[in-house]
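The values are calculated or read from the model by the stated rules, or taken from the named source; none is laboratory data. As the structure is a prediction and not an experimental result, all values here were calculated from the model. Here Cβ is always computed from backbone atoms with ideal geometry, including for glycine, and neighbour counts include all displayed protein chains. All accessible areas refer to the heavy atoms of the entire protein, side chains included, with ligands and DNA or RNA removed. Shrake-Rupley method; radii C 1.70, N 1.55, O 1.52, S 1.80 Å.
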Amino acid sequence: MNAKVLKTLEFHKIIKRLTEHASTPLGIRMCEDCVPFDELEEVIQAQTQTRDALARLYRHGTISFSGARDIGASLKRLEIGSSLSIPELLSVSALLSAAARARAYGRGETTRLSTGRHMEISEEEENMGDSLDALFAAIEPLPSLNQEISRCIQSEEDLFDDASPKLNSIRRSIRRASDRVHSQLNEIVNSNRTQLQDAVVTMRGGRYCIPVKAEYKNQVGGMVHDQSRNGSTYFIEPMAIVKLNNEIRELEIAEQKEIEAILADLSSQTAPHIESLRTDLSVLSQLDYIFARACLARDMDASCPQFNEAGFIDIRQGRHPLLKKDQVVPIDVTLGKEYNTLIITGPNTGGKTVSLKTVGLLTLMGQAGLHIPAFDGSKLALFREVYADIGDEQSIEQNLSTFSSHMTNIVSILEKADTNSLVLFDELCAGTDPTEGAALAVSILDFLHNMDVRVMATTHYSEIKVYALSTDGVENASCEFNVETLRPTYRLLTGIPGKSNAFAIAGKLGLPSFLIDDAGTRIGKQDKHFEDMIGELEAARVTLEQEKDEVNRYKAEISHLKEELSTSREDLKERRERYLQTAQEEARRILEEAKDTADQTIRRINKLAGGAGVSRELENERAALREKLSEAEKKTAVRAQKKQRREHTAADFRIGDAVRVLSMNLNGTVSTLPNAKGDLFVQMGILRSQVNIRDLELIDEPSVTGPGVPSGNRRKKSNMSGIGASKTMSISPEINLIGMTVDEAMPQLDKYLDDAYLAHLPQVRIIHGRGTGALRNATHKLLKRAPHVEEFHLGAFGEGDHGVTIAKLKEGAK
């Protein structure tokens, strides 16, 4: 890609923003060297890496490569057998620490978004590989070597005392000798205060000294090491400590030798891993470069474009990346499918040049492996070259006018452009006679059009607009302008030529109307007719858009009304059911009262009437009344049954349970356990019938007394069955503890297990989440000592994984 277009389209500013996201020296260098690729395979590979890195950023948060220094020179020193210095070994350790962090990040050990929000990630997504797996797998953190370097080296100037036993011993000896020196010097200072300039101990040339006044220098025996600037103080090492100072100096020499031996040993341990370190350096730099591209894409809300070699561009809601996101107006641009030349017209400052630069810069970014600020599904073509003639290229040094400079550039473009090129012209052939300039512009565009070159050009020439209207494969576009407010909307409208709106703008700015009218008379009839036609087209377009917006509003309103109507119907249906239920409950209550009244009346009459005929007639009336009451109860029960009935399993039924056979509307008792198909026998009075569990409903009634069963046991069984049926109707097969503390959750879980056991639930699902594991551990401790729990295990795939525990309950008394 030619360097001129990179400068013209300001690609270097994108590179500067990209470099800000890199943290390693080599990664920064790779960002600075980033240029567009011209091979489709390289472009797709780079885009795939950027996309996968961006996905990892959203899944696991940011990754830090800080500390990964360039140790290339140190590795070359190791190859020739040299020992590394303390800073060099620290650089090796820093590189290995960054490698360990990157390796852990590559395994997905963090699942936090960079924004601080948690992201739900399925196990399948977590285990899904991407194009970066090979790079992360190539990293070798060498933990043992890193630990050894960290154990020995304290800072860039010093080692730890424990770096070796010998170094520790030498430093202890130095400290003891220093203590003896200080002790003797303090005695000398205290006994000779009048002879000293200051009562302090200092060092000169690595030797402990005392500051002696010049007039007393001969009275203090020792070696003179230094003199103050004005000569009033001599720094003398007393003879009493010369031997101790010599001992300290010898120990310091031994200390330095031991440090050199430790560094040599660390270097010898590092040397076998030269290739691994070189690989780590290279991979971390590549990852730093890739994740810098991903961070830039995240900042720009960019997406991965789809590339093709057919010369087809389809940018959806593309934004110029150097403009502020909240201020730039997105544009839709299509080129290379139905037409290969796009002519953009409109007023000045209307966004024509920005549209050109947006298409050119997004093309360069996409081919460099960078995501583009546009909607998903945007398509870009792979171009071997992009040429641009944009801006004022007047050159005083070369004695070129604006037109001459532009024409020189255009001539160069015409010589090099081919079918694999994208050409951008801003104000083509402007700056000269309009008639000649328009004719030249049409000829240039027609030449490139016949060569099947992808071309975008801006212009004010009406002749070029006519050329676009009359030529197949050439399309007009315009940047919308609001004449009322004298402000551009920056929307790019394809298929409609634009007006320069010079008369309207001049009038709004205060130019007298008679001058504007006079100027109108000086325009040729053909040009005036053409401009009027464009104005009519623009007015028709605005009208159509307004009608379209109105239709969309009507559609939204109709959809809203339909939703409200549907909701109202559901409410009416529920209210109707509720009213019917209330009415039938009231009727049942009234019948119950009537029955009680009738019974009391009959008993009183029976006492008074001794005749059998009267009693029989009254009994018949009472039977009729009871029959009506039963019908009302059945209707109420059926309606309640429709609302409350739940599906039962075979484990819900035990011999002796009271049930209702729904198809017969009869109550009975379970006399056999369900078989594999769910069929069992139910005793209903003298009738014994085989029914399926789907046709049964457990009811809270006493079980039918049968032979061979003690009455006490039968009563207990019936009571337990009633409790079980009642509990089963209200107990959920799962409990959610997420959001509770351990102290809040455990009593809730304990009570829930008791209720589930009484409800005869075979197993329950306890949702505690992953989190820190505190809820899960407390849940498992409670389940271990719970008397109703037979066994429990963490959820399998599809059951909730480690965020859920499945507990199987023991079979209780029915």
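Regarding GLU275, is this residue in a helix (DSSP H, G or I), more than 30 Å from HIS225 (Cα to Cα) and charged (D, E, K, R)?
yes
Scan region 126-148 and tell me whether some residue there is outside any loop (DSSP other than H, G, I, E, B) and modelled with pLDDT under 85.
Yes; the residues of region 126-148 include at least one that is outside any loop (DSSP other than H, G, I, E, B) and modelled with pLDDT under 85.
Kindly provide the set of residues from region 756-814 that are over 28 Å from GLU647 (Cα atoms) and either in contact with an Asp or Glu (Cβ under 7 Å, 6 or more places away or on another chain) or open to solvent by less than 10 Å² (accessible area, probe 1.4 Å) (or both), ordered by number.
Listed by number, the residues that qualify are GLY773, THR779, LEU782.
For region 141-159: of the residues being in contact (Cβ under 8 Å) with a residue 40 or more places away in the chain and closer than 21 Å to ARG103 by Cβ, which is surrounded by the fewest Cβ atoms within 10 Å (Cβ to Cβ)?
Among those residues, the one meeting the criterion is PRO143.
Okay, residues lined up against (1) touching a His at 6+ places or on another chain (Cβ under 9 Å); (2) in contact (Cβ under 8 Å) with a residue 12 or more places away in the chain:
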site: VAL201; (1), (2): yes, yes
site: ARG204; (1), (2): yes, yes
site: GLN219; (1), (2): no, yes
site: VAL242; (1), (2): no, yes
site: ASN246; (1), (2): no, no
site: GLU252; (1), (2): no, yes
site: ALA261; (1), (2): no, yes
site: ALA264; (1), (2): no, yes
site: GLN269; (1), (2): no, yes
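Answer yes or no: is there a residue in region 739-757 that is in contact (Cβ under 8 Å) with a residue 40 or more places away in the chain, on the phi < 0 side of the Ramachandran plot and of a type in the set (S, T, N, Q).
Scanning region 739-757 turns up no residue that is in contact (Cβ under 8 Å) with a residue 40 or more places away in the chain, on the phi < 0 side of the Ramachandran plot and of a type in the set (S, T, N, Q).
For every residue, the table says whether it meets (1) of a type in the set (Lys, Arg); (2) at pLDDT 90 or above; (3) over 26 Å from MET456 (Cα atoms); (4) assigned to a strand (DSSP E or B).
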site	(1), (2), (3), (4)
VAL283	no, yes, yes, no
LEU287	no, yes, yes, no
CYS295	no, yes, yes, no
PHE307	no, yes, no, yes
PRO321	no, yes, no, no
LYS324	yes, no, no, no
GLN327	no, no, no, no
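Pick from region 217-257 the residues that are among the aliphatic types (A, V, I, L, M) and either under 13 Å from MET203 (Cβ atoms) or open to solvent by 50 Å² or more (accessible area, probe 1.4 Å) (or both): which of them is nearest to the chain's Cα centre (by Cα)?
Only one residue tops the list, namely ILE253.
Only one of (1) more than 58 Å from the chain's Cα centre (by Cα); (2) modelled with pLDDT of 80 or more is not met by SER711, so which one is it?
Exception for SER711: condition (2).
Would you mind finding the one in TYR58, TYR105 that is open to solvent by 20 Å² or more (accessible area, probe 1.4 Å) and assigned to a helix (DSSP H, G or I)? Working first, answer last.
Details: TYR105 fails: open to solvent by 20 Å² or more (accessible area, probe 1.4 Å).
Sole residue among the options that is open to solvent by 20 Å² or more (accessible area, probe 1.4 Å) and assigned to a helix (DSSP H, G or I): TYR58.
Restricted to region 19-49, and to residues that are out of contact with any strand residue (DSSP E or B) (no Cβ under 8 Å at 6 or more places or on another chain) and among the β-branched types (Val, Ile, Thr), which residue is most open to solvent (accessible area, probe 1.4 Å)?
Filtering region 19-49 for residues that are out of contact with any strand residue (DSSP E or B) (no Cβ under 8 Å at 6 or more places or on another chain) and among the β-branched types (Val, Ile, Thr), the one most open to solvent (accessible area, probe 1.4 Å) comes out as VAL35.
Does ARG384 count as in contact with a Ser or Thr (Cβ under 7 Å, 6 or more places away or on another chain), under 19 Å from ARG491 (Cβ atoms), of a type in the set (Lys, Arg) and modelled with pLDDT of 90 or more? Talk me through it step by step, then tell me what you get.
Working: in contact with a Ser or Thr (Cβ under 7 Å, 6 or more places away or on another chain): yes; under 19 Å from ARG491 (Cβ atoms): no; of a type in the set (Lys, Arg): yes; modelled with pLDDT of 90 or more: yes.
For ARG384, the condition - in contact with a Ser or Thr (Cβ under 7 Å, 6 or more places away or on another chain), under 19 Å from ARG491 (Cβ atoms), of a type in the set (Lys, Arg) and modelled with pLDDT of 90 or more - is not met.
Looking only at residues in region 449-480 that are of a type in the set (D, E, K, R) and not in a strand (DSSP E or B), which one is most open to solvent (accessible area, probe 1.4 Å)?
ASP472
Assuming GLY206 fulfils every condition listed in (1) modelled with pLDDT under 80; (2) surrounded by fewer than 18 Cβ atoms within 10 Å (Cβ to Cβ); (3) over 60 Å from the mean Cα position of the chain (by Cα) apart from one, which condition is it?
(3)
Taking interchain pairs and intrachain pairs at least six residues apart, which have beta carbon atoms under 9 angstrom, with the first residue in region 651-667 and at pLDDT 85 or above and among the basic types (Lys, Arg) and the second assigned to a strand (DSSP E or B) and open to solvent by less than 50 Å² (accessible area, probe 1.4 Å)?
Close Cβ pairs satisfying both conditions: ARG654/VAL670; ARG660/GLY668; ARG660/LEU696; ARG660/GLU697; ARG660/LEU698.
Taking the criterion of being at positive phi and loosely packed, with under 14 Cβ neighbours inside 10 Å, would at least one residue in region 72-93 satisfy it?
Checking region 72-93: at least one residue is at positive phi and loosely packed, with under 14 Cβ neighbours inside 10 Å.
Tally the residues that are under 25 Å from PRO238 (Cβ atoms) and in contact with a strand residue (DSSP E or B) (Cβ under 9 Å, 6 or more places away or on another chain), restricting the search to region 162-192.
Of the residues in that region, 8 qualify.
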